[in-house]
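Encoded as structure tokens, the structure appears first; notes follow it.
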Amino acid sequence: MCKVFKITKVSDLINRILHTSNYQLNPTRILRGLERRAINFPHLISWFRNPEVPRSLVPYRGIHAKGRCFILGNGPSLAITDIERLNGEITFGLNRIYLLFEERNFHPTYFVSINDLVLEQSVPEISALTMPKFLNWRARHLYPQAQDVHYLLERYKPGFYTDPRKGVWGGATVTYVALQLAFYMGFETVILVGVDHSFYSKGVPHTVVSGGASDSDHFHPKYFADGTRWQLPDLQTSEYAYRLANQVYESAGRRVLDATIGGKLKIFPKVDFDDVVRA
């Protein structure tokens with residue numbers, strides 16, 4: 001009894017420090033969690049020492065009150081979605097969405113990326129984007145502050161941050177970050193497109209791997225290909241995050257809908273893409 005009691009207390013302490021739960025506890029996750037926090041600590045301090053940085057987000061507070069928007073995930077289904085029909089809508093593009101621009105007559109209203117590997121390996125492409133960009137504060141040395149660049153502080157305490165000036169939680173998917181921004185901007189209805197929530201690649205979540213000749217997990221075969229480094233998905237944490245988002249939106253009298261073609265996510269109400277575009 002004594003040993004069980006002590007182990008339980010130790011695990012509780014680790015969970016509190018790393019903001020994890022018992023199902024996530026293993027040596028790899030513990031070490032990775034400690035490493036992430038150590039790396040992020042100087043950025044956390046500098047964020048709060050530079051109040052003008054989060055202040056750049058103020059103009060976006062409630063800017064789209066009672067409106068609707070589309071958040072475009074990067075799943076394979078995006079390739080078979082007629083996104084040109086979203087021209088004229090307010091849209092969020094994520095990570096390497098720019099690979100779509102050469103093939104489709106479409107550009108999103110906003111761009112969001114907080115993944116370190118994406119930001120490190122896509123500097124020329126992301127820098128060339130002309131829409132407002134919301135990027136990880138840790139990447140400020142790669143993307144100097146400009147009129148179209150707004151920084152986000154990534155926090156490691158799970159939660160739905162309704163005010164990004166205090167940070168955002170990654171939730172193991174950039175889609176979740178966009179949901180937090182959309183809430184802050186005041187959208188009443190958010191519609192997900194291309195959020196397949198299904199991957200062919202398997203392995204320990206967050207493990208860094210190198211892409212092969214072609215990528216079948218995303219909308220473009222070159223998305224994470226030819227040696228591009230990326231992290232294996234963590235669908236369990238993403239589902240936890242999406243449930244938080246759903247609760248916050250519903251509590252505020254707002255809603256998140258899922259119009260992904262053939263998507264596997266079961267958290268949000270499903271709607272038909274054609275129906276919501278016509279609405």
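For (1) modelled with pLDDT of 95 or more; (2) under 16 Å from the mean Cα position of the chain (by Cα); (3) among the hydroxyl-bearing types (Ser, Thr, Tyr); (4) over 20 Å from residue 177 (Cα atoms), each residue gets a yes or a no:
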residue	(1), (2), (3), (4)
53	no, no, no, no
60	yes, no, yes, no
63	yes, no, no, no
68	yes, no, no, no
81	yes, no, yes, yes
86	yes, no, no, yes
97	yes, yes, no, no
112	yes, yes, no, no
117	yes, yes, no, no
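Taking the conditions exactly as written (assigned by TED's automatic domain parsing to the domain that holds residue 159, at pLDDT 95 or above, touching a Phe, Trp or Tyr at 6+ places or on another chain (Cβ under 7 Å) and crowded, with 16+ Cβ neighbours inside 10 Å), does residue 241 satisfy them or not?
Working: assigned by TED's automatic domain parsing to the domain that holds residue 159: yes; at pLDDT 95 or above: yes; touching a Phe, Trp or Tyr at 6+ places or on another chain (Cβ under 7 Å): yes; crowded, with 16+ Cβ neighbours inside 10 Å: yes.
Answer is yes for this residue.
Being acidic (Asp, Glu), at pLDDT 95 or above, assigned by TED's automatic domain parsing to the domain that holds residue 71 and over 17 Å from the mean Cα position of the chain (by Cα) narrows it down to one of 272, 258, so name that one.
272
Scanning the stretch 101-110 for residues that are in contact with a strand residue (DSSP E or B) (Cβ under 8 Å, 6 or more places away or on another chain) and farther than 17 Å from residue 178 by Cα, which turns out modelled with the lowest pLDDT? I'd like the intermediate steps shown before the answer.
At the first step, the residues of the stretch 101-110 found to be in contact with a strand residue (DSSP E or B) (Cβ under 8 Å, 6 or more places away or on another chain) are 105-110.
When the remaining residues are screened for being farther than 17 Å from residue 178 by Cα, the result is 105-106.
Numbers: 105: 93, 106: 96.
The selected residue is 105.
Residues to consider are 135, 142; find the one that is within 21 Å of residue 231 (Cβ to Cβ), assigned by TED's automatic domain parsing to the domain that holds residue 267 and either surrounded by fewer than 20 Cβ atoms within 10 Å (Cβ to Cβ) or of a type in the set (Gly, Ala, Ser) (or both). Full working, then the answer.
On the way: 135 fails: either surrounded by fewer than 20 Cβ atoms within 10 Å (Cβ to Cβ) or of a type in the set (Gly, Ala, Ser) (or both).
Being within 21 Å of residue 231 (Cβ to Cβ), assigned by TED's automatic domain parsing to the domain that holds residue 267 and either surrounded by fewer than 20 Cβ atoms within 10 Å (Cβ to Cβ) or of a type in the set (Gly, Ala, Ser) (or both) holds for just one of 135, 142, which is 142.
Given the structure, is residue 245 over 17 Å from the mean Cα position of the chain (by Cα) and of a type in the set (A, V, I, L, M, F, W, C)? Lay out the reasoning, then the answer.
Numbers: over 17 Å from the mean Cα position of the chain (by Cα): no; of a type in the set (A, V, I, L, M, F, W, C): yes.
For residue 245, the condition - over 17 Å from the mean Cα position of the chain (by Cα) and of a type in the set (A, V, I, L, M, F, W, C) - is not met.
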Inset, instruction - Identify the single condition in (1) touching a strand residue (DSSP E or B) at 6+ places or on another chain (Cβ under 7 Å); (2) part of a loop (DSSP other than H, G, I, E, B); (3) within 23 Å of residue 114 (Cα to Cα) that residue 268 does not satisfy, given that it satisfies every other one. - result: (3)
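Does residue 196 satisfy the criteria of being of a type in the set (D, E, K, R), in a loop (DSSP other than H, G, I, E, B) and under 25 Å from residue 180 (Cα atoms)?
Details: of a type in the set (D, E, K, R): yes; in a loop (DSSP other than H, G, I, E, B): yes; under 25 Å from residue 180 (Cα atoms): yes.
Yes; evaluated as a whole, the condition is true for this residue.
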Inset, instruction - Could you run through the stretch 181-226 and say how many residues are exposed (fewer than 15 other Cβ atoms within 10 Å of the Cβ), charged (D, E, K, R) and either outside the structural domain of residue 96 (by TED's automatic domain parsing) or in contact with a helix residue (DSSP H, G or I) (Cβ under 8 Å, 6 or more places away or on another chain) (or both)? - result: 1
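Output the residue which, of all residues in the stretch 189-233 that are among the aliphatic types (A, V, I, L, M) and either out of contact with any Asp or Glu (no Cβ under 9 Å at 6 or more places or on another chain) or over 29 Å from residue 254 (Cα atoms) (or both), is modelled with the lowest pLDDT.
Restricting attention to the stretch 189-233, the residues satisfying the condition of being among the aliphatic types (A, V, I, L, M) are 190-193, 195, 204, 208-209, 213, 225, 232.
Those left that are additionally either out of contact with any Asp or Glu (no Cβ under 9 Å at 6 or more places or on another chain) or over 29 Å from residue 254 (Cα atoms) (or both): 190, 204, 208-209, 213, 225, 232.
Details: 190: 98, 204: 92, 208: 96, 209: 97, 213: 97, 225: 97, 232: 97.
Looking at residues that are among the aliphatic types (A, V, I, L, M) and either out of contact with any Asp or Glu (no Cβ under 9 Å at 6 or more places or on another chain) or over 29 Å from residue 254 (Cα atoms) (or both), I get 204.
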Inset, instruction - Report, ordered by the first and then the second residue, all pairs with beta carbons closer than 9 Å, sequence separation of six or more or different chains, a first member in the stretch 114-128 that is farther than 21 Å from residue 167 by Cα, and a second member that is in a helix (DSSP H, G or I) and of a type outside the set (Asp, Glu). - result: 122/98; 123/139; 125/98; 125/99; 126/98; 126/118; 126/119; 128/98
Inset, instruction - List every residue pair whose Cβ atoms lie under 7 Å apart, where the two residues are 6 or more positions apart in sequence or sit on different chains, the first residue falls within the stretch 76-96 and is farther than 15 Å from residue 185 by Cβ and in contact (Cβ under 8 Å) with a residue 12 or more places away in the chain, and the second residue, located anywhere, is of a type in the set (Ser, Thr, Tyr) and in a helix (DSSP H, G or I). - result: 94/175
Legend entry - Complete set of residues in the stretch 245-279 that are crowded, with 16+ Cβ neighbours inside 10 Å and not aliphatic (A, V, I, L, M): 246, 249, 254, 255, 258, 260, 263, 268, 273
Legend entry - Checking residue 202 against (1) assigned to a loop (DSSP other than H, G, I, E, B); (2) basic (Lys, Arg); (3) in contact with a strand residue (DSSP E or B) (Cβ under 8 Å, 6 or more places away or on another chain), the condition it does not meet: (3)
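The values are calculated or read from the model by the stated rules, or taken from the named source; none is laboratory data. Here the structure is a predicted model, which means the values were calculated and not measured. Cβ sites come from the backbone with ideal geometry, for glycine too, and all protein chains shown count toward neighbours.
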